[in-house]
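The values are calculated or read from the model by the stated rules, or taken from the named source; none is laboratory data. Since we're looking at a predicted model, the values are computed, not measured. Positions of Cβ are generated from backbone atoms using ideal geometry, with glycine treated the same way; all protein chains shown enter the neighbour counts.
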Amino acid sequence: MASSWGRRLDWDTGRVDMTHGAGGRAMAQLVDELFVAAFDNPLLAKKNDQAVFEVPAGRMVLTTDGYVVSPLFFPGGDIGSLAVHGTINDVAMAGARPLYLSASFILEEGFPLRDLRRIVESMARASREAGVPIVTGDTKVVEKGKGDGVFISTTGVGVVPAPVVTPSGERARPGDVVLVSGTMGDHGVAILSSREGLAFETSVRSDSAALHRLVARMVEAVPDIHVLRDPTRGGLSATLNEIAQQSRVGMLIDEPRIPVLREVTAACELLGLDPLQLANEGKLVAITDRRHADRLLEAMRADPLGTDATIIGTITEDEHHFVQMETAFGGRRILDWLVGEALPRIC
Amino acid sequence: MKYIDEFRDGDVARRLAAQIAKEARGARRYRLMEFCGGHTHALWRYGIVEMLPPEVEMIHGPGCPVCVLPIGRLEQAIALARTPGVTLCTFGDMVRVPARDRRSLLKAKAEGADIRIVYGSADALRLARESPAREVVFFAIGFETTTPATAVVVKQAAEEGIKNFSVLASHVLTPSAMLAILGAPGAAGGGIQVDGFVGPGHVSTIIGSQPYERFARDYGKPVVVAGFEPLDLMQSILMLVRQLNEGRCEVENEYKRAVVRGGNARAIALVEEVFELRPSFEWRGLGSLPDSALRVRERYAAWDAERRWSIPYEAVADHPACACGEILRGEKRPTDCKIFGTACTPESPVGSCMVSPEGSCAAYYAYGRLSKRRPRPDGEG
């Protein structure tokens, strides 16, 4: 690409320096040649400090999320694709159609430009595939030692298609049915496998994906889904417990029905971790009236991201709001929140 | 999954449970201690406790490395971590254990101490290699299972001449704790009746089953070394019930796929080369026990953090409301503790047994809160 900025950005050996965030020519060049070029859409190309767009009729959804993942690149994705998928999913979990994203970068001085380009191109690809453009953004540079390579914050706006679509964490009712869209724990194992100090070989890849098309199918089949949530940090355990608290109900989950990849089970056995406490980035939990469960399941399985969808349990009345699980072994136990961070065992 | 599912078969479990119920005679009781925290965790996680007949009572033992470490040792680690130039490497479980005045390694880290969570001793040694300007100390805790790995890094550091590496050795010995439970002179244990032991699996892969023979011979207590899968545990419980019924008193090995009588000779030799017995070591709950822990031998003194920094040891009393001591001795159940689940929870632990996933309190809290079966160890209630 011919540069209109005089000096070329050195993508091979160049590094982020303080001028890239100082508001001068170097910053303008980085924005122009990297972000605007990669994200490539008319709203961003105007290079204003904001994006101006028409608002469709209906209820709007707004969400924001920060991404500080380590390592930045992992099997099946990177911080860039994650920052796009994660925020799209947070919009989608309101039953909404995501419209636009914004992205804010905090770069650490000395971060390789090559890695930055790889991340930004991954974001651009994820946004293009999802059909949700990144229309405004911001870049800051912090001194070396005051960041961890790159932090990304993305904000998403979307619109809810119909008044009847009101999924929310407090709407689970006794008798409702709990569904998941696919296998649990893939992302967590993919991240752990590439983390320094714990590297192990596995074929497991992160499930990072944008779920809005799956959600659109689901909402079309069953507009009044009671709860939709993506089980990210803390895994399925945390998500089910959050919902039980919010809705003031209990749950009874059937462990053998929860889909978990063999490789994920194996890695967890080895490390002493629980797949239900590991993060997912391309899966959702849905709770719906029993009468609609089969129709919803059928709609989920018709989507490429929901082929392994399954019913895993029911909502119960329980003053303690316990999430209980019938184990494959025949016993019953509490499925509890993750405490602290998921850490491999000592012995 | 192959080699896992076979040991978690629900049908086999129900048949085993029925067999235990059939053979456990109503006229007597079977007070069995599972020594190891990993076993405690598995008993609750798989709902085995609920499957046992009322005559069979599981008493949770002190085999949780994080739990038995006294506050005084943790204070030494915190003091080291705060020493300028020192990087302290620790297992993740350890960082949240409360020390004096509710201090912890996690709080020390937030206050600026350089504390790194590692997954094993080799990570700590690598850090020392990569950071020659830092003094890297590995907080080496655990029973016999983790000791050989510490011995390996001490030897490696010596061979490679890595001068900025040392270990704060707090390795403890299983047989000593079992003796204390049985009321060894001077120990705080002995307050409960134990009819037999479910012997630890991982520890025994190192030391073998032989060290338990004295418990059968001299103390009349049968021991069955068990694996960690639910069917391993149920089979071991059945074996103990049978020994007691038949008046036998032997060391049996249920975990034959991993444990042999003489243990792992290479690992034992390695530990012997690097470590020696401490004359006395304080345990949480069990008091000061003679010959119950290891320290680095004089020959490797340069890699012994205690010698290098001459940090004094000072005993620190547990929180007055915390019943970890009685729980580790098997005298109380977690639910007998006044602050269990109220002031003391996994999110805000007061005692060590609520911190480690292997701790009895954490296992009860995570899995057992629904249990209707909460008999006291003395059988009342």
B:Ala258 vs (1) among the aliphatic types (A, V, I, L, M); (2) over 23 Å from B:Glu331 (Cα atoms); (3) more than 20 Å from the chain's Cα centre (by Cα): all pass except (3)
Where in the range A:20-135 are there helices (runs of 4 or more DSSP H), lying wholly inside it, with at least 3 residues that are closer than 24 Å to A:Ala190 by Cα and touching a strand residue (DSSP E or B) at 6+ places or on another chain (Cβ under 8 Å)? A:79-92, A:113-130
Are any residues in the range B:176-213 at pLDDT 95 or above and surrounded by fewer than 18 Cβ atoms within 10 Å (Cβ to Cβ), and if so, which ones? B:Gln210, B:Glu213
Pick out the one residue from A:Arg25, A:Arg15 that is basic (Lys, Arg) and modelled with pLDDT of 90 or more. A:Arg15
Across the range B:88-103, what is the number of residues that are without any contact (Cβ under 8 Å) to a residue 24 or more places away in the chain and either closer than 25 Å to B:Phe165 by Cβ or facing chain A (nearest Cβ under 9 Å) (or both)? 1
Return yes when B:Ala77 is crowded, with 24+ Cβ neighbours inside 10 Å, of a type in the set (Gly, Ala, Ser) and within 14 Å of chain A (Cβ to nearest Cβ) and no when it is not. no
Members of the range B:28-48 found to be of a type in the set (Val, Ile, Thr) and either within 12 Å of chain A (Cβ to nearest Cβ) or surrounded by fewer than 24 Cβ atoms within 10 Å (Cβ to Cβ) (or both), listed by number: B:Ile48
Please enumerate the residues belonging to the range A:72-105 that are more than 16 Å from A:Ala130 (Cα to Cα) and more than 16 Å from the chain's Cα centre (by Cα). A:Ser104, A:Phe105
Which one of these does A:Gln277 not meet: (1) surrounded by fewer than 22 Cβ atoms within 10 Å (Cβ to Cβ); (2) within 13 Å of another protein chain (Cβ to nearest Cβ); (3) within 28 Å of A:His212 (Cα to Cα)? (1)
Condition set buried (at least 23 other Cβ atoms within 10 Å of the Cβ) and over 21 Å from B:Ala265 (Cα atoms), scope the range B:135-160, selection nearest to the other protein chains (Cβ to nearest Cβ): answer is B:Ile141
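Out of the residues in the range B:334-347 that are charged (D, E, K, R) and at pLDDT 90 or above, which is surrounded by the most Cβ atoms within 10 Å (Cβ to Cβ)?
Taking the candidates together, the pick is B:Asp336.
In this structure, does A:Leu278 turn out to be in contact with a Cys (Cβ under 9 Å, 6 or more places away or on another chain) and over 22 Å from A:Thr314 (Cβ atoms)?
Yes, satisfied.
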Filtered residue count, the range B:348-381, keeping only those that are under 24 Å from B:Pro200 (Cβ atoms) and either within 14 Å of chain A (Cβ to nearest Cβ) or modelled with pLDDT of 90 or more (or both): 21
Count of the range B:217-234 residues which are within 14 Å of chain A (Cβ to nearest Cβ), surrounded by fewer than 23 Cβ atoms within 10 Å (Cβ to Cβ) and over 20 Å from the mean Cα position of the chain (by Cα): 1
For B:Thr205, state whether it is in a helix (DSSP H, G or I), within 14 Å of chain A (Cβ to nearest Cβ), polar (S, T, N, Q) and over 27 Å from B:Pro312 (Cα atoms). yes
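Those residues that are within 13 Å of chain A (Cβ to nearest Cβ) and in contact with a His (Cβ under 9 Å, 6 or more places away or on another chain), I need them from the range B:190-202; list them, please.
Hits for the range B:190-202 are B:Pro200, B:Gly201.
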Candidates B:Val274, B:Val259 - the one that is under 20 Å from B:Gln76 (Cβ atoms) and crowded, with 23+ Cβ neighbours inside 10 Å: B:Val274
Go through A:Leu116, A:Leu101 for me and flag whichever is crowded, with 23+ Cβ neighbours inside 10 Å, among the aliphatic types (A, V, I, L, M) and over 22 Å from A:Val61 (Cα atoms). A:Leu116
Criterion violated by A:Arg332 - all others in (1) under 21 Å from the mean Cα position of the chain (by Cα); (2) without any contact (Cβ under 8 Å) to a residue 60 or more places away in the chain satisfied: (1)
List, please: which pairs have Cβ atoms under 6 Å, are six or more places apart or on different chains, and start with a residue in the range A:221-240 that is within 19 Å of A:Asp303 (Cβ to Cβ) and end with one that is polar (S, T, N, Q)? A:Val222/A:Thr288; A:Ile225/A:Thr288; A:Arg229/A:Thr239; A:Asp230/A:Asn89; A:Pro231/A:Thr239; A:Pro231/A:Asn280
